[in-house]
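Here is the structure we will look at, set down as structure tokens.
Read-outs throughout are calculated quantities, based only on the coordinates presented, and are distinct from any laboratory measurement. Being a predicted model, the structure only gives us computed values, none of them experimental. Cβ placement follows ideal geometry from the backbone for every residue including glycine, while neighbour counts extend to all protein chains displayed.
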Amino acid sequence: MGKPITGIKKYSVTREEQLENDFSEVKEAVADNKEAILKGIQLLKGLEEGGTLDTAYAFTNAKNEALTRFVEEISKDQYTPLLENLPSLIFLIGELDVKGIRELTTRLNQGIEEMEHVSPDDKTNVLDIAKALKDPNINRSLTLLLGFLRGMGRQ
Amino acid sequence: MIEREHTVVTINGTEYLGESGQNLLELINSTGESVPAICYNESLGPIQTCDTCIVQVNGELIRACGQTIEAGMSVQTQLPHVHKSQKEALDRILEKHELYCTVCDYNNGSCEIHNTMAEFGLEHQSRPFKPTSYDRDDSGSFYRYDPDQCILCGRCVEVCQDVQVNETLTIDWERQEPRVIWDNDVPMDQSSCVNCGQCSTVCPCNAMMETGMEGEAGFLTNQKPGILKSMIELTKKVETGYGPLFAVSDTEAEMRESRINKTKTVCTYCGVGCSFDVWTKDRKVLKVEPHPESPANGISTCVKGKFGWDYVNSEERLQKPLLRRDDHFEEVEWEEALSYVAKRMNEVKAEKGADHLGFISSSKATNEESYLMQKLARQVIGTNNIDNCSRYCQTPATKGLFRTVGHGGDSGSIDDIASAELVITIGSNTAESHPVLASRIKRSQKLFGQQLYVFDLRKHEMAKRANAFFQPKSGTDLVWLSAVTKYILDQGWEDQAFLSDWVNGFGEYRESLEPFTMDYAAKMTGIEVEELKKIAEEVATSESVAVCWAMGVTQHMRGSDTSTAISNLLLITGNYGKPGTGAYPLRGHNNVQGCSDFGSMPNFYPGYEKTTDEKVRKKYEKAWGVDLPQGTGKDNHQMIEAIHDGELSAMYVLGEDTGIVDANINYVTDAFEKLDLFIVQDLFLTKTAEYADVVLPASPSLEKDGTFTNTERRIQRLYKALDPLEGTKPDWVILQEVAKFMDFEWGYTHPSEIMSEAAGLATMFAGVSYERLEGYKSLQWPVQEDGTDEPLLFTEGFPFEDKKARLFPLDFELQYDTDEEYDLHVNNGRLLEHFHEGNMTYKSEGITRKTPNAFIEVSEELARDRGIKEGAEVKLISRAGEATGVVTVTDRVKGKEIFLPLNDNGKSAVNFLTDNRVDKDTNTPAYKEIAVKMKVLKKKGKSPIPPNNHRRGNPVPQISVKVQDKWKREDYQFPGSQVKR
């Protein structure tokens, strides 16, 4: 019946039809994922309230630019020690006896507190020191310090 | 029962039982002990370049991969000095390969360097990374080479030399800085590389990588080169020690999993049936990754399967149904197109009868779609006028096999071809038409002493490699085959036991051979008597013979008879039913076997059950609830004739560019113009579709589920990798909707249901189910109900009542020849890189860049005679039509033979020249019998073969990577002799 033809008249969708189609597609997706979408809105709200959303938005827009700048900057020689220290620092944190340090810090704070009660004009003579050794608090402090010195000096 | 020999080996104090001759590394791997091994790959075997698998054997440090196990061997893999040697080898690798995994596109969980280092627990680089002085080679379209990441493991060389056997890659161990080189050190794009992509498949890291992966695979890899470099530096600074580096990069690799899909599919090009994972990100195809367990191909691919997928996302894909409106098509909604199709088919049927409609299935579509197409024709319309494109190619082979051995398919598997002692190819340009299968033959011949005899008009790659090459006169293969068979009988060299146990019809057949004397054969074929005798002796004395043939046999007026002659010869010499033997008609399309298997034939229901068989018809009538047509329908050829005769008024063509691929296209397209209704279902507005009244936009293989059957009768599943492109539908969905509009509710929700219906009806597929075909599993028909299949046919007889094969008597008369006016013979065939009319492969920019169009091969003698040179333009004129094209002068053809690749749909389309001559038994067009005269339009010009075409390359054959040359280097010391005990 027909000679060979190649011309194609494209099917044209009006803007309204296109909108209608897109809208019904979205509507269907919303219906299928109601829970997730509501939770998503909660998440967005949380981000918005904390101001994080603005930051994230700005960062997303400038992602490549930001990455480029960051990488270029951080690659400079002056940062090399810092970068090389970073992983060491992480390992260091891993090795620290945090519980011990916390105890020590509490004691340090107590000491500082006590120190503030001491008037700048007060003086201490040898006799006062000998007397002070009898004070159990002072004695414990000195004993701890001696122990620390022993540990630190150990090879 | 054969007792298998076993060998006891002690590894780290525990005794293990190995197989005699087993590789030590293979045994260690199978025990759960672990040694690092980077260059070793199961599919390639030991290469011995990386030195990482050092172990202690009887007190000596050696490479485990270089050792065959022996009884009583004592092996240590964990002693400190063993460990130290291994570490030394690994350190050497890291001098060559920078680990920046997080920003590397190869960091997808399978990087073998990454994984080996991590498993070994290597924490620090002992020596700094040393880049080479070479630049990256980015010259190719499909993969690139980065010498700074290359560890010189030599896998790429091994695969190129000994698996693909294209022999392009070597490593030059003699230069200061060794590297992989192409040919004699040219850029990859200028080399003999055929872009099979196997080097990038086996590369253990990112040195040889598919370009599709670059900047796509990782989350952080798509950066400008400068930034990428800085990021690599940064990664190294931050990730001191490999522990953290691996932790970060492994996490990133996991993240990639969520957006890169890896889907198993089966290649949609030739009949070899390669299967692989296709990696996709959204609609982008990143790469194709074959698996060692891919049953037909292992790790192998060719350029089309590995890289030829651009057509899937081509801009030219149709995305709306088209309806003819006077002088143009109009895009319409599916609803409108389908109701038009249904209404018009009903009208034609009502006015003129069901047999006025004809259906053509596609060998590109799935088995399930072939089944539905014939169901549509038979159940919904009520006609047996259904056929498929195997009519154009392999129906004569099927015919020849049905006559003699009862099954119309390959007798065995590709493994049988690879293990045959003698392989004969007849009329098959195997290296270009079935490249992955050809590689198996090339490997066996190169490494394992297989003999290869090639019979062809044209001196193609297989001919150049052959142990013996013969050029019989066109169309005379039947004569030499019969004469060789006769000579074998005359000498008493036949397999008498086999003949008496398994073969009928000897007496009559023996008599029919009388005319086929040596002298007659020599006269008809041009092969000398002495040579014919040698061929006979070789066939008769070889332990196992496999014969592969293709269009050079079938597309002749005696295609079926010649195929029969092949089968006769194999029967006489007992070459059926044993491993390494049999008949192999190499199927051209991915599913040309399956399309016929599943009933798209005018005389067969699925599984080759006859339409004329009352019992069969009743079975289908019961299943489909209608009365079915009796007798047989029209084949392709008869349909076209019937249109001219006014006996066929409507045609439905699915995925077939009939207007280009059928012979004598002027005659065919004239027929199209006469149709009342012409429906075409395709991806593109093909030449055929231009004549249509309705064009239905379909989806290609990557966008659907289904099964294909390859040349080995192997049924394999493909999984949907992408959603159908918007506006298109898979063929099975379209067919089901057409049926629905014609009031037949099929109700399939998945192709697996179609398969289970077919398996329930056709005895041949009784045990076929999607569960049994999961992943890389496959079945080779016939498949019994319990799932037993037959990789090798005829081991327990032939499918006839008394289980005996039949010798089939033949005669011969030469009906075609050139004459004084039409003095040149045109041969035609495939090119490696393009497929068929090119609707798919010309969409690939990379392929088209290297092979932009078809060309006419002319011999040096003929060029001299006609005074033409490379680049000349000629017009070929046959009695049916004319075609024009650009000439390349080559020694691949001789004398007055001309070769024209069939991969063109423009003015060079070969089918402008072919006529209506057909095989007398099957109506397959005699495409290979074209006599033409040549008119010179321009004497010389620009060569049609660009400088970067692989045909211009210079391969460098060698065996493996020549690791001995590495060991000879002054700066090389075996890590085992370097460590102190």
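Some points to look at:
- Percent of beta bridges antiparallel (DSSP, chain B, rounded to nearest 5): 60 percent
- Relative contact order, percent, segment B:98-246 [alpha-carbon distance under 8 Å, six or more residues apart]: 35 percent
- Per-peptide packing, taken as the mean over residues of other Cβ atoms within 10 Å, places B:410-418, B:806-814, B:674-682 in the sequence B:410-418, B:674-682, B:806-814 from highest down.
- Rounded FRET efficiency, nearest 0.05, which uses the C-beta distance separating B:T251 from B:T749 and R0 of 35 Å: 0.35
- Shape analysis of the protein assembly as shown based on the Cα gyration tensor places the equivalent ellipsoid semi-axes at 63, 39, 29 Å, largest first.
- Rounded tilt (10° steps) of B:477-490 against the dominant C-alpha axis of chain B: 80 degrees
- Rg/Rh ratio calculated on Cα atoms of segment B:412-575 (Kirkwood radius): 0.94
- Taking packing as the residue-averaged number of other Cβ atoms within 10 angstrom, the listed peptides B:706-712, B:572-578, B:740-746 run from highest to lowest as B:706-712, B:572-578, B:740-746.
- Mean partner shielding of peptide B:682-689, defined as the number of other chain Cβ atoms within 10 Å of each residue Cβ, is 1.
- Between the amide H of B:F604 and those of B:T611, distances stay under 5 Å, these residues lying 5 or more places away or on another chain, with hydrogens modeled in the peptide plane.
- Amide proton proximity set for B:V8, modelled H, under 5 Å, gap of 5+: B:G18, B:G72
- J(HN,Hα) series, segment B:815-820, from Karplus relation 6.51 cos²θ - 1.76 cosθ + 1.60, nearest Hz, glycine and proline x: 9, 10, 7, 7, 9, 5
- For A:6-13, mean number of other protein chain Cβ atoms within 10 Å: 5
- Relative frequency of Cα-Cα separations exceeding 24 Å in segment B:226-335, percent: 56 percent
- Antiparallel beta bridges, as assigned by DSSP with both residues in segment B:599-715, represent about 30 percent of the total such bridges.
- Average projected area [Cα convex hull, chain B], square nanometres: 41.4 nm²
- Stretch gain in nm, segment B:K740-B:H328, where the contour uses 0.36 nm per residue and the Cα spacing is subtracted: 145.5 nm
- Over 28 Å (Cα to Cα) - which of B:K850/B:K933; B:K850/B:K938; A:K10/B:K264; B:K130/B:K281 fall in this group: B:K850/B:K933; A:K10/B:K264; B:K130/B:K281
- Other-chain or far-sequence residues with amide H under 5 Å of B:V918's (modelled H): B:A926
- Taking A:L92, A:L104, A:L142 in turn, the Gaussian network model of chain A (Cα-Cα springs below 10 Å) assigns the largest fluctuation to A:L142.
- Top of A:L145, A:L96, A:L44 by mean-square fluctuation, Gaussian network on chain A, Cα under 10 Å: A:L145
- HN-Hα J in Hz across segment B:517-532 - Karplus 6.51, -1.76, 1.60, θ = phi - 60°, x for Gly and Pro: 7, 4, 5, 4, 4, 4, 5, 6, 9, x, 8, 5, 4, 4, 5, 4
- Overall form of segment A:15-61 per C-alpha gyration tensor (a/c, 1.5; a/b vs b/c): oblate
- Whole-Hz ³J(HN,Hα) from phi, Karplus 6.51 cos²θ - 1.76 cosθ + 1.60, for segment B:597-602, glycine and proline x: 3, 9, x, 7, 9, x
- Inter-chain shielding of A:68-76 (mean C-beta neighbours from other protein chains, 10 Å cut-off): 4
- Across segment B:412-575, the mean sequence separation of Cα contacts (distance under 8 Å, 6 or more residues apart), normalised by length, yields a relative contact order of 31 percent.
- DSSP beta bridges confined to the protein assembly as shown are antiparallel in about 60 percent of cases.
- Relative contact order for chain B, counting Cα pairs under 8 Å that sit 6 or more residues apart, in percent: 15 percent
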